[in-house]
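The values are calculated or read from the model by the stated rules, or taken from the named source; none is laboratory data. Everything numeric here is computed off the predicted structure, so don't read it as measured data. In this analysis, Cβ positions are derived from the backbone assuming ideal geometry, glycine residues included, and neighbour counts consider all displayed protein chains. In case anyone asks, the SASA skips ligands and DNA or RNA and just uses the protein heavy atoms, side chains included. Shrake-Rupley method; radii C 1.70, N 1.55, O 1.52, S 1.80 Å.
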Amino acid sequence: MIGINNLSRNWKEFSLNIDLHIEEGEYFVILGPTASGKTLLLELIAGFYHPDSGSIMIGKTDVADLLPEQRKIGFVYQDYSIFPHLNVEENIEFGLKLKKTPRDERRRRVQEIMDLLGISHLSHRYSLTLSGGEQQRVSLARAIIVDPEILLLDEPLSALDNQTQNMLRDELKRIHHEAGLTTIHVTHDQTEAAMLADRIAVMIRGQIVQVGAPEEIFNSPANAEIAEFVGTENILAGIVASNEGGLTTIEVGAHVVEAVSGYSAGEHVRVCLRPEDVAVSVGTMAFQTRHGDRDHRESSVRNAFHGTVTQMTPYGALTRVKIDCGVVIVALITKQSAAAMGLTMGSPVCVSFKAAAVHVIG
Amino acid sequence: MKKTAILIMIMLCSVIALGCVGTDTDTTTDGSADGGDTPEVHSGTLTVFHAGSLSIPFAKLEEVFEAAHPGIDVQCEAAGSAATIRKVTELHKEADIVASADYSLIPSMMYPEYADWYLQFARNQIVLAYTDKSRYADEINADNWYEILRRDDVRFGFSNPNDDPCGYRSQMTILLAEAHYGDDMIYEDLIEANSAMAMVYDAANGTYTLHMPASESIDPSAKLMVRSMEMELIAGLDAQEIDYYFIYRSVAEQHGQLFLELPVEIDLSSVTYADTYKTVQVVQANGNLVTGKPVVYGITVPKNARDPEMGLEFVKLVVSPEGQQIFVDLGQPPIVPAVGSGEVPEEVRGMVEMG
Amino acid sequence: MQTLTPKHDRLLIVFLLLGLVILAFILTPLLHMVFGQLISNRSGLIEAVNDSAVIKSILLTMYTALTATAIAFVFGVPLAYFLARRDFPGKGIVESVIDIPIIIPHTVAGIALLTVFGAHGMIGDPLSSIVRFRDALPGVVVAMLFVSVPFLINSAREGFQSVDPRLENVARSLGASSWDAFQRVTVPLSARHILVGSILCWARAMSEFGAVIVIAYYPMIAPTLIYERYISYGLSASSPVAVLLIVICLVVFIVLRMISAGWRRYDRD
């Protein structure tokens, strides 16, 4: 669908150099640290800037000579860029007006999309009075109402609080699912990438350094630098064993992980866990295996496994501890607590995490 | 950063304060000098308002005066003669010297409230100034200038007769040319046909009177360029917007322009032809009637002068041989000796002839 | 708007006091002139109102200043946009050049303009068969334009700079041509700056004297007329005209300010 061939562009701090192919209908996430050129890449695809060399193909068309307004690309900026002189309704119908869509149809479609995104009650408000999440929805509605072939999202969730992030992340997934829109989503957040992406491209200093499915990226980073950047996320493949009112039991290797999700028994899922949510302790501690040894039910910790420390890497003020429990789990703990527990390679430890810390994705 | 800003503020304030204190000390020493044997050290500023055409000689006089009186700072302000006097009579600015390009403005506009005497100290003459780029510059002479000005492609200028003595004097010169050259169409062709200015002949007195409309109604054609002051005409000449303009000889000479001397019967330079000159009159828009007479500059120390004593010293310099030489050098003939009128102060009486 | 109490806002009170000094500095001469006129010489004012030359010159001033502003708008606003959106070597120099008319003495500006727009000037000569500048309406406009265009350009540029280029990008992605994006997004968002710049430009044009009298003493605009009345008849004849001009300008500006204030809707919440 989108072919980016030898695209290069000199920018202030780095030069961009990209080769990338994105499939039709794919949710493609470009993951990279800030100032790695992600936004610039999107702007090049959208046609706001011109590459120094290389080409961008959309379908079978080289878009070099197409103006931004001819490319049928929807764009959502990090700050949402709501037109401050227009109210929500006027923002959303902006593109339709330019297309000279008849008034009645315009009204109907605007209403439809506002309903879809749950922003109908905001129709006469101006951007300054909207929350980040509301602006995000308006921006999204404005972009998709004109039926673009491609949707470009530049850090669409990063300006939002956690709760809104979660809600909107699901919403993005849903919209993508329903519209089947080829989407390129740029972010620096591993969880976001892991949860949304069909495929992820890791971008560092203007270069794409690895492309692959989320597990590939997180479980087998191509080199140390990528590992350094993406290695902070645990992604484990599993099968849902049961789901009782949201409380999901997932078989992961020899272990059972409890989580909250909407997936039902038999579904293949991925379990995502932030290393900072993983607690490490020595000695006896609550644990459970798939054979159901459930001794310590008084803790809110629903998941606990025994394992052995296989690697310890300093990570700023923290230490990244890799623990082999049959599956490999990465934990981030403070240097002090690692020292207090006397952790070394080979130390037997117990890892634990709450069910609420687990993100389950399909 | 903040500290620097505050420091700069403090420094600025101190400089300003010092500046003020500085002048204060200057003025206080004025009065505090005691009689005794010590020569009086005079200091302060001396404000001189003068006609624009005196700018260059007065700048020279300023130098000489400041050299002789080290404590004094002479500040000259040039303007049209009428504007110069109005600065004193209407805006109540304090001037130690007022010098006008028409001495008669002093008695008519300043007497009795703002002055009660004046000296006639220099003369001038109306010439036709031009540059080597002016059309027909190579053929113009004292016998054919009015023919050349009549030509369709020639444009010329003069200052506004309502604003500037040089302006109404230029009108007088053009009118006087009719009798001198025996061509009674000169004024009509050059001025009446190109503006709203009009001539009226009074058969009873044998005089011609020129009526100046209000400045906004002078309505000059493209052939004429009328401006409030001569500075703007000089710009017009430089830009070849006009080919010729009527101006005082001294100004043309001081600006290095070519100029045509007109016959003495019409150029308002000679006391000998005073009777000829007075056959023409100009009524300005404000009703003021001016009769033709030789161009004679007048100077006075206004009654509201801050430092009349130094003002008088300056007047003495103007009418002294040294001062008169400055005028000679700059093409502006001095009146030797200067002629006094009114309550001329004792100190200068000896240097002038009472008229 | 909060009320000031010494407890919580000493700084603002000090600033207010300092500000009042400068406000008084501006107002005192103006009020003195206007009220002095109204009290001591009301008949002079009535005469001025009934004097067709006065009214004609004021209308002429407003008209020529408006023409100058329109020209400044047509050529200055695009330049302002270009400067706001593009960096190029020598941009600082271009911006300084725009400010030069503010800096140089206006008589000098007038002489420079006369030299170029005069019948033998670089521009005046080729145009001499079509249009005359010296002592003609185009001359007045040219002088006004020269001294006032920087105000419009600078203000419009500031306005354009305050509009995030991303908004234009988004508009483009929604199908707007660059012109659509400019007029539907950029212009509405910088409209107030452009209007304020236009008002300043017009005001500056109306007040111009020094440059105008060199190139076009005629037709006589109000500032020249005021000067001429002063020279010929003195203050008592010139100040009614001045007061009339002040009052008319004040009314016009207050109205324009009110209009522009209504355009701020999205600048605040």
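Among the listed residues A:Lys72, A:Lys60, which satisfies the condition of being open to solvent by 30 Å² or more (accessible area, probe 1.4 Å), within 30 Å of A:Ser123 (Cα to Cα) and out of contact with any Lys or Arg (no Cβ under 6 Å at 6 or more places or on another chain)?
A:Lys72
For the stretch C:211-238, enumerate the residues that are open to solvent by 10 Å² or more (accessible area, probe 1.4 Å) and within 10 Å of chain B (Cβ to nearest Cβ).
Within the stretch C:211-238, C:Ile213, C:Tyr218, C:Pro219, C:Met220, C:Tyr227, C:Arg229, C:Tyr230, C:Tyr233, C:Leu235, C:Ser236, C:Ala237 qualify.
Looking at (1) facing chain B (nearest Cβ under 10 Å); (2) of a type outside the set (Asp, Glu); (3) open to solvent by 10 Å² or more (accessible area, probe 1.4 Å); (4) assigned to a helix (DSSP H, G or I), which one does C:Met258 not meet, given that it meets all the others?
If we test C:Met258 against (1) facing chain B (nearest Cβ under 10 Å); (2) of a type outside the set (Asp, Glu); (3) open to solvent by 10 Å² or more (accessible area, probe 1.4 Å); (4) assigned to a helix (DSSP H, G or I), just (1) comes out false.
What are the residues in the stretch B:245-257 that are in a loop (DSSP other than H, G, I, E, B) and away from chain C (no Cβ under 14 Å), if any? Give the steps one after another, and end with the answer.
Within the stretch B:245-257, the first condition is being in a loop (DSSP other than H, G, I, E, B), and the residues that meet it are B:255-257.
B:Gly256, B:Gln257 - these are the residues of the stretch B:245-257 that are in a loop (DSSP other than H, G, I, E, B) and away from chain C (no Cβ under 14 Å).
I need the helices (runs of 4 or more DSSP H) fully contained in the stretch C:179-238, keeping only those with at least 2 residues that are basic (Lys, Arg) and within 23 Å of the chain's Cα centre (by Cα).
Once the helices (runs of 4 or more DSSP H) in the stretch C:179-238 are filtered for at least 2 residues that are basic (Lys, Arg) and within 23 Å of the chain's Cα centre (by Cα), what remains is C:187-207.
Quick one: is C:Ala171 open to solvent by less than 10 Å² (accessible area, probe 1.4 Å) and not in a helix (DSSP H, G or I)?
No; evaluated as a whole, the condition is false for this residue.
Answer yes or no as to whether B:Tyr146 is of a type in the set (Phe, Trp, Tyr), on the phi > 0 side of the Ramachandran plot, open to solvent by 10 Å² or more (accessible area, probe 1.4 Å) and assigned by TED's automatic domain parsing to the domain that holds B:Val226.
No; evaluated as a whole, the condition is false for this residue.
Enumerate the strands (runs of 3 or more DSSP E) found wholly within the stretch A:8-127, keeping only those where 3 or more residues are over 26 Å from the mean Cα position of the chain (by Cα) and more than 10 Å from chain C (Cβ to nearest Cβ).
Values: elements: A:15-22, A:27-31, A:53-58, A:73-76.
Once the strands (runs of 3 or more DSSP E) in the stretch A:8-127 are filtered for at least 3 residues that are over 26 Å from the mean Cα position of the chain (by Cα) and more than 10 Å from chain C (Cβ to nearest Cβ), what remains is A:53-58.
Which of the residues belonging to the stretch B:44-82 are part of a loop (DSSP other than H, G, I, E, B) and touching an Asp or Glu at 6+ places or on another chain (Cβ under 8 Å)?
Listed by number, the residues that qualify are B:His69, B:Gly71, B:Gly80.
What is the number of the single condition among (1) within 14 Å of another protein chain (Cβ to nearest Cβ); (2) under 30 Å from A:Ile82 (Cα atoms) that C:Ala112 does not meet?
The one condition C:Ala112 does not meet is (2).
Take the residues of the stretch C:134-169 that are within 30 Å of C:Pro219 (Cβ to Cβ) and aromatic (Phe, Trp, Tyr): which is nearest to the other protein chains (Cβ to nearest Cβ)?
In this case the residue turns out to be C:Phe146.
Cβ contacts < 7 Å: first residue without any contact (Cβ under 8 Å) to a residue 12 or more places away in the chain, restricted to the stretch B:201-217; second residue not charged (D, E, K, R), any location; separation 6+ or different chain. Result?
Listed by first residue and then by second, the contacts come to B:Tyr201/B:Tyr208; B:Asp202/B:Thr209; B:Glu216/C:Ala53; B:Glu216/C:Ser57; B:Glu216/C:Met220; B:Glu216/C:Leu225.
Regarding C:Thr64, is this residue assigned to a helix (DSSP H, G or I) and surrounded by 11 or more Cβ atoms within 10 Å (Cβ to Cβ)? Write out each step before concluding.
Working: assigned to a helix (DSSP H, G or I): yes; surrounded by 11 or more Cβ atoms within 10 Å (Cβ to Cβ): yes.
So C:Thr64 fits the description; yes.
Yes or no: the stretch C:177-185 includes at least one residue that is among the acidic types (Asp, Glu), over 30 Å from C:Ser52 (Cβ atoms) and within 14 Å of chain A (Cβ to nearest Cβ).
yes
Output yes when any residue across the stretch C:79-100 is closer than 24 Å to B:Gln240 by Cα, part of a loop (DSSP other than H, G, I, E, B), open to solvent by less than 60 Å² (accessible area, probe 1.4 Å) and not charged (D, E, K, R), and no when none is.
No, there is no match, as no residue in the stretch C:79-100 is closer than 24 Å to B:Gln240 by Cα, part of a loop (DSSP other than H, G, I, E, B), open to solvent by less than 60 Å² (accessible area, probe 1.4 Å) and not charged (D, E, K, R).
Limited to the stretch B:195-244, what total is found for residues that are more than 8 Å from every other protein chain (Cβ to nearest Cβ), open to solvent by 20 Å² or more (accessible area, probe 1.4 Å) and among the hydrophobic types (A, V, I, L, M, F, W, C)?
Qualifying residue count, the stretch B:195-244: 7.
Could you list, in sequence order, the residues of the stretch C:122-168 that are open to solvent by less than 40 Å² (accessible area, probe 1.4 Å), under 22 Å from A:Tyr49 (Cα atoms) and not in a helix (DSSP H, G or I)?
Across the stretch C:122-168, the qualifying residue is only C:Val163.
Before we move on, is C:Arg184 touching a helix residue (DSSP H, G or I) at 6+ places or on another chain (Cβ under 6 Å), open to solvent by 20 Å² or more (accessible area, probe 1.4 Å) and either touching a residue at least 60 places away in the same chain (Cβ under 8 Å) or not acidic (Asp, Glu) (or both)? Even if it seems obvious, please write down each step before you answer.
On the way: touching a helix residue (DSSP H, G or I) at 6+ places or on another chain (Cβ under 6 Å): no; open to solvent by 20 Å² or more (accessible area, probe 1.4 Å): yes; either touching a residue at least 60 places away in the same chain (Cβ under 8 Å) or not acidic (Asp, Glu) (or both): yes.
When the stated conditions are applied, C:Arg184 does not pass them.
Filter the stretch B:68-101 for residues that are open to solvent by 30 Å² or more (accessible area, probe 1.4 Å) and under 23 Å from B:Ser159 (Cα atoms); which is nearest to the other protein chains (Cβ to nearest Cβ)?
For the stretch B:68-101, the residue satisfying everything is B:Glu90.
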